[in-house]
Amino acid sequence: MTNDQNHIQDEYFHDENLDKKLMDHDYDGIKELDNPAPAWIMAIFYITIFFSVMYGAYYFWFSQGPTQDQEYLAEVNEYNTKFGQKENNAPEALTILTNEADIAEGMAFYQANCVACHGANGEGGVGSNLTDANWIHGCDIASVAKIVKDGGPNGMMSYKQHGDKKIQQVASYVLTKLKGTNKPGKELQGEACQ
Amino acid sequence: MELQKYYYDNKIVKCFILATIIWGVVGVLVGLIAALQLAWPMFNFDTEFLTFGRVRPVHTNAIIFAFVGNAIFAGVYYSMQKLLKTRMFSDVLSKINFWGWQLIIVAAAVTLLSGISTGKEYAELEWWIDIMIAVVWVVFGWNMIGTMIVRREKHIYAAIWWYVATFIGVAVLHVVNSFELPVTFLKSYSLYAGAQDAVVQWWYGHNAVAFFLTTPFLGLMYYYLPKAAGRPIYSYKLSIIHFWALIFIYMWAGPHHLLYQALPDWAQALGVTFSIMLLAPSWGGMINGLLTLRGAWDRVRDSATLKFMVVAVTAYGMSTFEGPMMSLKNVNMISHFSDWTIAHVHIGGMGWNGGLTFGMLYFMIPRLWKTKLFSEKLANTHFWLATLGMLIYAIPLYWAAITQWLMWREYSPEGYLAYPNFLSTVTQILPMYMFRSLGGLLFLIGFLLMVYNLYKTMAAGTFTNEEEAQAPVLDNSQSRKDARETQHRWIERKPVWFSIAAFIALAIGGAVEIIPMVFVKSNVPTISTVTPYTPLELEGRDIYVSEGCYTCHSQMVRPFRWETDRYGEYSKIGEFVYDHPFQWGSRRTGPDLARTGVVGGPMYKNAAWHYKHFENAQSVSDGTIMPNYPWFAEQTVNTEVTPAKIRAMQTLGVPYPEGYDTKAVADLMAQGQTIADELKQNNIDVVPNAKVVAVIAYLHKLGRDISKKE
């Protein structure tokens with residue numbers, strides 16, 4: 001120890017009541033008490049061990065719990081009873097919607113999801129031109145709804161998750177408002193279609 | 001008894017202290033930049049070196065290895081000499097430890113920003129840096145064990161048990177996780193693939209938290225807290241129990257990072273149960289810390305050191321309660337891939353590691369410079385800024401996590417995803433990202449106040465490089481256990497036996513999990529349609545790794561209906577057998593990409609879409625926070641190393657035909673040409689070996705094999 005005036009002396013604060021169990025340990029002034037580990041923390045420890053053993057036993061020795069794959073199947077079944085099997089809702093029977101509210105919805109959907117590839121006015125870009133007379137996958141409502149729903153091999157995305165109603169609206173919008181406007185843009189692709 | 005005179009090496013402590021402070025500022029600043037990038041993507045600056053995918057690993061590595069790492073060394077070198085009443089074993093080793101570590105940090109910063117990365121979280125550094133780390137770490141351990149051997153204190157105090165466990169734990173983890181096959185100086189492939197790589201990596205990742213952020217800090221707590229409070233350790237018995245329980249159990253808990261993922265159920269169950277059992281041993285540390293303050297609470301009020309320590313220990317208690325809860329599968333389903341985990345680690349990082357480091361610095365510096373702290377008031381302001389910063393950082397992220405999770409899984413009344421557009425779940429939480437940046441800013445301001453305060457303190461004091469001290473010679477001649485001695489008291493004076501015992505306790509958990517995953521074939525069922533990557537796809541994958549796309553994108557569809565609806569079929573173990581390294585990711589800031597190549601699937605985008613998205617993400621996804629990668633179109637893949645990569649993959653067991661390395665480049669160019677032709681149709685001109693072409697080829701491979709009929 002130096003005699004330096006400013007040197008900070010580490011103090012040990014003794015406490016009569018708390019330090020009854022002081023041990024003879026002293027490490028650089030650090031002392032230790034002979035207290036037991038608190039009972040409640042030991043209880044938590046034993047409970048978690050018990051939980052773990054039971055967890056293992058439940059899932060593996062007695063094979064009670066579902067595996068990850070079984071859990072998924074259960075979830076799918078639950079979904080199917082609640083909503084029906086979506087995959088079977090074929091869009092063939094669709095008709096073009098003409099009322100204004102549906103067309104407006106379709107247009108909003110188009111603005112939000114389609115312009116990046118098909119352009120603000122349907123003139124095409126990454127995706128094909130929706131205003132000309134040539135269509136790659138057909139130009140009836142069922143064909144358009146199907147390609148919107150399932151996507152296609154040239155890079156058309158699938159919008160299945162947006163639901164059949166939205167798909168019918170946007171397909172109706174495309175066929176009634178964009179098709180035939182003949183905007184200059186992407187060149188003709190696919191076959192002529194009326 | 002005769003007193004021996006010796007000198008403490010204060011200079012090495014000073015070096016580590018300065019490094020802690022400097023790297024700490026850097027680490028927090030880089031963290032703030034990363035936070036800003038997520039709130040406002042313009043902070044990516046459209047330059048290659050500063051995109052989020054590169055900045056984030058710099059932040060995590062800087063905080064963990066540079067800031068916390070140097071803090072550990074500073075704290076250990078200071079306390080160890082005093083606790084063992086001796087100088088460090090070797091000045092040369094101390095110096096190698098210091099300069100070697102700083103060299104590693106600089107190498108890490110430069111390589112990561114240059115996109116040189118192995119793509120394994122918290123182990124991103126390339127092979128030669130890994131070797132440097134191993135060497136320097138062994139030097140540290142050698143110096144430490146040497147110091148124990150030349151000590152003048154008969155028994156080894158609890159703090160040092162933790163230091164020993166730290167040395168052994170990190171050495172084992174680092175070596176096992178870093179097995180990689182170098183291709184060039186700047187590129188290597190993990191020896192493990194897919195699910196095996198994932199198990200090893202998260203065994204490492206989880207235990208890096210354990211043995212780099214927890215055990216050394218518990219050791220530091222056992223020294224600095226009773227010293228600063230002037231009170232005895234509450235329970236020596238608890239010290240023993242929670243030490244051995246913690247180091248034994250921790251090593252098993254890694255798979256809790258892989259719940260509901262492509263991992264056998266048995267491994268997941270080990271992750272769950274051992275994490276639950278970690279609760280009490282972890283809390284043992286908190287209890288011993290807080291109860292040591294009995295009789296000292298009145299002093300906590302006026303000491304910034306003690307206040308920081310209280311917050312540290314409390315944050316530790318919170319994180320170690322939260323951790324086991326997050327390991328329950330039904331909670332993990334929410335916390336994993338969301339911002340919950342980010343909030344969780346920042347309570348640990350800012351509160352526990354930050355708090356204890358700050359407390360320790362405010363304790364050591366006045367003592368080393370033999371003067372009073374320049375301003376206790378400033379330290380108090382720092383305390384409030386740090387605590388508030390932590391809360392303003394974490395609370396919005398918990399909010400964001402729950403919000404986003406609810407949006408991901410919500411169905412409309414007709415049974416469709418309510419938010420089929422992933423981006424809308426991102427823009428929803430952007431305000432939370434802004435708040436979190438504010439939290440980070442407050443934390444940084446507090447940190448800078450500390451720098452100023454400590455600088456003024458140092459300037460006012462006088463530093464002695466060599467501090468004289470005296471202690472009696474140690475008589476440890478009796479080797480065998482004394483009848484009055486407990487077993488543990490005996491091993492406390494046998495440092496080598498102690499280290500061996502700690503090694504055994506540590507090694508069991510890792511061995512039980514990793515050995516069966518790597519060597520038992522039935523754990524990785526194969527899928528016949530899964531083929532190796534073509535040379536172009538492989539190059540694209542290497543770009544994906546190098547850019548750190550995994551910091552924002554997962555490649556792991558979990559078996560939940562709301563994930564399979566959004567992305568496609570859930571991921572299977574057998575899909576990943578050629579993935580060196582695996583790229584499952586841990587946070588879904590952007591959508592999962594595992595099914596991006598499934599034509600007609602909900603994730604498929606054509607080449608032109610990807611091209612535009614990389615060129616300017618905002619132009620196709622309005623409001624996105626994905627950085628732009630305009631240089632992908634300009635830069636080309638270095639095809640000179642492609643054959644070497646193919647040979648390396650063959651060495652790792654990927655079944656390319658013999659001699660394929662000679663044909664690889666031609667195949668690469670041919671495949672690139674088809675993509676370039678496709679882009680040409682959209683009036684986009686690129687060369688067939690442009691980086692963007694390789695990345696697109698890779699993205700179109702993702703999930704394609706499994707969608708083929710067997």
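The values are calculated or read from the model by the stated rules, or taken from the named source; none is laboratory data. Every value quoted in this text rests on a predicted model; they were computed, and no experiment measured them. Cβ placement follows ideal geometry from the backbone for every residue including glycine, while neighbour counts extend to all protein chains displayed. Heavy atoms of the whole protein, side chains included, go into the accessibility calculation; ligands, DNA and RNA do not. Shrake-Rupley method; radii C 1.70, N 1.55, O 1.52, S 1.80 Å.
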**Prompt:** When B:Tyr260 is evaluated against the numbered criteria (1) in a helix (DSSP H, G or I); (2) facing chain A (nearest Cβ under 9 Å), which criterion, by number, is the only one it fails?
**Reply:** (1)
**Complete:** If we ask which residues in region B:94-126 are of a type outside the set (S, T, N, Q), assigned to a helix (DSSP H, G or I) and buried (at least 20 other Cβ atoms within 10 Å of the Cβ), their number turns out to be 6
**Of all residues making up region B:147-178, the number that are within 21 Å of B:Thr86 (Cβ to Cβ), in a helix (DSSP H, G or I) and open to solvent by 10 Å² or more (accessible area, probe 1.4 Å)** = 2
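Residues checked against (1) in a helix (DSSP H, G or I); (2) polar (S, T, N, Q); (3) crowded, with 18+ Cβ neighbours inside 10 Å:
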| residue | (1), (2), (3) |
| --- | --- |
| A:Asp19 | no, no, no |
| A:Lys31 | no, no, yes |
| A:Ile49 | yes, no, no |
| A:Pro66 | no, no, no |
| A:Lys82 | yes, no, no |
| A:Ala101 | yes, no, no |
| A:Phe109 | yes, no, yes |
| A:Cys117 | yes, no, yes |
| A:Ala120 | no, no, no |
**Request:** Answer yes if at least one residue in region B:33-43 is more than 23 Å from B:Val345 (Cα to Cα) and without any contact (Cβ under 8 Å) to a residue 60 or more places away in the chain, and no otherwise.
**Result:** yes
**Request:** Considering only region B:206-255, state which residues are of a type in the set (Val, Ile, Thr) and not in a helix (DSSP H, G or I).
**Result:** B:Ile233
**Message:** If I filter region B:492-541 down to residues being part of a loop (DSSP other than H, G, I, E, B) and open to solvent by less than 10 Å² (accessible area, probe 1.4 Å), which single residue comes out as nearest to B:Asp197 (Cα to Cα)?
**Reply:** B:Glu492
**Prompt:** From the list B:Val599, B:Val641, B:Val637, which residue is modelled with pLDDT of 95 or more, of a type in the set (Val, Ile, Thr) and surrounded by fewer than 19 Cβ atoms within 10 Å (Cβ to Cβ)?
**Reply:** B:Val641
**Item:** Identity of the residue in region A:122-148, more than 10 Å from chain B (Cβ to nearest Cβ) and in a helix (DSSP H, G or I), that ends up most open to solvent (accessible area, probe 1.4 Å)
**Value:** A:Lys146
**Request:** Please state which of the following conditions B:Ser327 fails to meet, knowing it meets all the rest: (1) open to solvent by 10 Å² or more (accessible area, probe 1.4 Å); (2) closer than 23 Å to B:Ala280 by Cβ.
**Result:** (1)
**Prompt:** Does A:Tyr58 qualify as being aromatic (Phe, Trp, Tyr) and closer than 30 Å to B:Tyr78 by Cβ?
**Reply:** no
**Message:** Of everything in region B:315-339, what is part of a loop (DSSP other than H, G, I, E, B) and out of contact with any Gly (no Cβ under 7 Å at 6 or more places or on another chain)? Give them in sequence order.
**Reply:** B:Leu328, B:His336, B:Ser338, B:Asp339
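Among B:Lys663, B:Lys708, B:Lys701, which is open to solvent by less than 70 Å² (accessible area, probe 1.4 Å) and either among the basic types (Lys, Arg) or under 22 Å from B:Cys552 (Cβ atoms) (or both)?
B:Lys701
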**Request:** Name every residue in region B:419-454 that is in contact (Cβ under 8 Å) with a residue 24 or more places away in the chain and within 14 Å of chain A (Cβ to nearest Cβ), in order of residue number.
**Result:** B:Pro420, B:Phe422, B:Leu423, B:Thr427
**Request:** Please work out which one of (1) more than 23 Å from B:Gly323 (Cα to Cα); (2) surrounded by 22 or more Cβ atoms within 10 Å (Cβ to Cβ); (3) at pLDDT below 95 is the condition B:Tyr189 fails and give its number.
**Result:** (3)
**Prompt:** Name the residues in region B:260-281 that are of a type in the set (A, V, I, L, M, F, W, C) and in contact with a Leu (Cβ under 9 Å, 6 or more places away or on another chain), would you?
**Reply:** B:Ala267, B:Val272, B:Ile276, B:Leu278
**Request:** Look at B:Glu376 and say whether it is of a type in the set (Asp, Glu) and either within 14 Å of chain A (Cβ to nearest Cβ) or over 20 Å from the mean Cα position of the chain (by Cα) (or both).
**Result:** yes
**Message:** I need every pair where a residue in region A:8-23 that is within 7 Å of chain B (Cβ to nearest Cβ) has its Cβ under 7 Å from the Cβ of a residue that is aliphatic (A, V, I, L, M) and part of a loop (DSSP other than H, G, I, E, B), sequence separation at least 6 or different chains.
**Reply:** A:Phe13/B:Ala296
**Among (1) under 26 Å from the mean Cα position of the chain (by Cα); (2) more than 14 Å from chain A (Cβ to nearest Cβ); (3) modelled with pLDDT under 95 - the single one B:Ile573 does not satisfy** = (2)
**Request:** Would you check if B:Ile247 is in contact with a Gly (Cβ under 8 Å, 6 or more places away or on another chain), within 17 Å of A:Ala37 (Cβ to Cβ) and more than 7 Å from chain A (Cβ to nearest Cβ)?
**Result:** yes
**Complete:** Within region B:363-382, the residues that are under 16 Å from B:Ser303 (Cα atoms) and open to solvent by less than 10 Å² (accessible area, probe 1.4 Å) are B:Phe363, B:Met364, B:Ile365, B:Pro366, B:Ala379, B:His382
**Where A:Ala37 falls short, out of the listed (1) assigned to a loop (DSSP other than H, G, I, E, B); (2) open to solvent by 50 Å² or more (accessible area, probe 1.4 Å); (3) at pLDDT 90 or above** = (2)
**Request:** Give the residue, chosen from A:Val126, A:Val144, that is modelled with pLDDT under 85 and among the β-branched types (Val, Ile, Thr).
**Result:** A:Val126
**Asked** Is it true that some residue in region A:86-97 is more than 9 Å from every other protein chain (Cβ to nearest Cβ), open to solvent by 80 Å² or more (accessible area, probe 1.4 Å) and closer than 19 Å to B:Tyr604 by Cα?
**Response** yes
**Item:** Total residues in region B:180-233, condition of a type in the set (A, V, I, L, M) and either within 14 Å of chain A (Cβ to nearest Cβ) or under 30 Å from A:Glu16 (Cβ atoms) (or both)
**Value:** 8
**Whichever residue in region B:263-285 is within 30 Å of A:Gly29 (Cβ to Cβ) and more than 8 Å from every other protein chain (Cβ to nearest Cβ) and, among such residues, is farthest from the chain's Cα centre (by Cα)** = B:Gly285
